[in-house]
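Notes to accompany the following structure.
Read-outs throughout are calculated quantities, based only on the coordinates presented, and are distinct from any laboratory measurement. From a predicted model like this one, the values you see are computed outputs, not experimental measurements. Using ideal geometry, Cβ is built from the backbone for each residue, glycine included, and neighbour counts are taken over all protein chains shown.
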Amino acid sequence: MTKPVTIVMVEDDEGHARLIEKNIRRAGVNNPILPFTDGTSALRFLLGEDGSGLANSGNALLVLLDLNLPDMTGVEILKTIKSNQHLKLSPVVVLTTTDDKTEIKRCYDLGCNVYVTKPVNYENFAAAIRQLGLFFSVIQVPEMP
Amino acid sequence: MDEASATESATDGRRSARRLPRALANARRRVDRLRLGLGLPWLFALGIVVLVVIGLASALLVARTRDSAEAANHSLEVENAISTMQLLLRRSESGQRGYLLTGDERYRSIFDRSVDEVLPATDRIRILLADNDNQQRLLDQIADLLKQKVDEMKQTVAHYDAGRVADAMALVRSDRGQALNEALGPPLATMKTTEQQLTRSRTETLRGTSLQLLVINLAGLATIVLLAVAATIETRRTQQALRAASEQLAGVNEALEAKVAERTADLVEANDEIQRFAYIVSHDLRAPLVNIMGFTSELEALRGDIAERLDAARGNDDPQEAARDEQLARDVDEALGFIKASIGRMDRLINAILKISREGRRDFHPEPIDMSALVGAIVASLEHQLQETGTKVRIDRLPPLTSDRLAVEQIFTNLMDNAIKYLRPGVPGEIAVTCVGSAAGNVYSVSDNGRGIAERDLERVFELFRRAGTQDRPGEGIGLAHVRTLVRRLGGSISIESVPDHGSVFRVTLPKRWTDVSAREQRL
């Protein structure tokens, strides 16, 4: 029996957050979404009060990560997640306006699972998110040991 | 270099930059002083003048010495001649006396030999004294007396020869000869004294002149020695001043280099700053744009929902109401359409900035490029447009390059694109790609027979988001700005020549071999 996947959305732009949520819901994904608008609070949730990540061990999490955050770059959060033994198996989807190839490569090198560029063209954006939603619905997030 | 030391060196550079004009002025002043001072050339000239003066003075004095010596000699000669004359007179007299006393023929021959030479002797003295009127007068007197004396002696001898011994004796006894002898005494003495005095004074002059010669030579020697010393000192001073000036110049050079390095660092920093700025701005502008576009689309969807709800609430019977609904829907669509079109355009502009900033930061990888093949491939990829417009392309044999392939490809793709895009309607296009080598690198020309560009727009077309001519073709005004950025980064330059309604020629000069340094220099 797997726990339902919780979507952790780290996005400082509330408009983007709203659009992402709308499109995920439109794709028929009803998993809970936990929004965070800055890196600090997101990390506090992910790592727990003790900062070890143990609190989320066994929780099925999927992280939607924006790279441009007010207090830190999303890359740092990505690094933290992928180097934490309790969190490293959680899939991370990087969602950002940057379509810089070196940036994309860097994210994949750090263990990012999917990289999505937010296009200005809304149809493309909505389509990308909905496909992501389909992906969420079939994804099996492994439980942490 | 860490930040602290960079700041430090920048401050250093600035300080040395401030010092620079002062140091330069110092060096210049030093050199000026050298020029104003009694320079070596002057000393040299002075030395030559002194030598010439000594030479002239010596020559003059030597000439004068010779004159004095000759004059002294002359006086001696005169004295000598006078003595000779006196001797001849004495000898004739003693010959006469001997003959008269003994009648011996030997005395007679002594007399004969001597008496006839007495008067010629005066003639010789006369010649010697030609330059002295006083002596000449004395000589006239003497010659007169001598003539009388000679006559008297000849007469006595003649009497004796004729056997008139008594007459001869009477003549001798008359004391006339003695009287003549006595009369001859004073003028002869005066004459001799005069000549002796002359000799003495001339010898004096000679001695004086010799002394002068010696003094002048010694003085000249001393002057030359002084000049040599002065020249040595001057040389040393000049050398020192030159060394100081060259040291100062070296300092100035160093300061200049520091300044150049500082400027270079500043410019590189400024350039990086601009690139970063462009990058950040374009990203940050994009985020709100995503929202605007997203919620505009949401609104569009909402409009449909609202219309449906309205219809459901009101019932859909009244054709008048339906027409008004349709009108409203069209208005809303129009407004949303404008918003979306503008967002699309803004997105393209931001993308263009992003692209250019990215090109400015991309690392270049030089490799040998067969330019004929590269341009040929571009033409092949444009085949469709070429056929559509009936355009012919001529590619000359193009010399190869060692450069960044992608950048060169983008440059020529843009230029060829433009050439096809801006042909004159109804005129079959003719495009030529040629190349000439030059010292600066290879100059590739892309020429067309298209619509051309007005002169006032020639510079504008290279600016970002600026376009020229009739705006009847799609585009954002990015292509040529991008091309120029790339060409500059490749260490080259681009120029344009155009005649409206006849065509344009774009000339791209690229270094035959791209190196990081050449590009960097070009960029600064």
Exercise. Unpartnered cysteines of the protein assembly as shown (Cβ-Cβ under 4.7 Å counts as a partner)?
Worked result: B:435
Exercise. Based on the inverse mean of 1/r over its pairs of different Cα atoms, what is the Kirkwood hydrodynamic radius of chain B, in Å?
Worked result: 37.1 Å
Exercise. Taking residue B:392 as the anchor, which lysines have their alpha carbon closer than 27 Å to its alpha carbon, excluding any fewer than eight residues away along the same chain?
Worked result: B:421
Problem set entry | chain A, relative contact order [Cα under 8 Å, separation at least 6], % | 28 percent
Problem set entry | Alpha-carbon Rg/Rh ratio, for segment B:45-227, with Rh computed the Kirkwood way | 1.30
For this session: Answer rounded, prolate or oblate for the protein assembly as shown, using the Cα gyration tensor with square roots of eigenvalues a ≥ b ≥ c: rounded when a/c is under 1.5, else prolate when a/b is larger than b/c, else oblate.
Result: prolate
Problem set entry | Residue mean of other protein chain beta carbons inside 10 Å, A:114-123 | 5
Seminar exercise, completed: Here the alpha-carbon Rg of segment B:363-523 over 2.2 N^0.38 Å rounds to 1.00
Exercise. Reachable lysines from residue A:22, Cα under 25 Å, same-chain residues fewer than 8 places away excluded?
Worked result: A:3, A:118, B:340
Seminar exercise, completed: Excluding residues fewer than 8 positions from residue A:82 in its own chain, the aspartates and glutamates with Cα under 14 Å of it are A:109
Seminar exercise, completed: Whole-Hz Karplus couplings 3J(HN,Hα) for segment B:175-190, θ = phi - 60° and coefficients 6.51, -1.76, 1.60, Gly and Pro as x, run 6, 5, x, 4, 4, 5, 4, 5, 5, 5, x, x, x, 4, 4, 4
For this session: Over segment B:273-358, calculate the relative contact order: mean separation of alpha carbon pairs under 8 Å at least 6 apart, over the residue count, as a percent.
Result: 71 percent
Problem set entry | For B:279-286, mean number of other protein chain Cβ atoms within 10 Å | 3
Exercise. Which of the peptides B:255-261, B:226-232 is most tightly packed, and how do the rest follow, going by the mean number of other Cβ atoms within 10 Å of each residue?
Worked result: B:255-261, B:226-232
Exercise. Among rounded, prolate and oblate, which fits segment A:90-138 when a ≥ b ≥ c are the square roots of the eigenvalues of its C-alpha gyration tensor, a/c under 1.5 means rounded, and a/b larger than b/c means prolate?
Worked result: oblate
Seminar exercise, completed: Using alpha-carbon positions, the gyration tensor of chain A gives root eigenvalues a ≥ b ≥ c; with a/c under 1.5 called rounded, otherwise prolate if a/b exceeds b/c, else oblate, the class is oblate
For this session: Going by C-beta contacts inside 10 Å, put B:124, B:451, B:173 in order with the fewest on the left.
Result: B:173, B:124, B:451
Problem set entry | Sequence of B:402, B:156 once ranked by neighbouring C-beta atoms within 10 Å, starting from the fewest | B:402, B:156
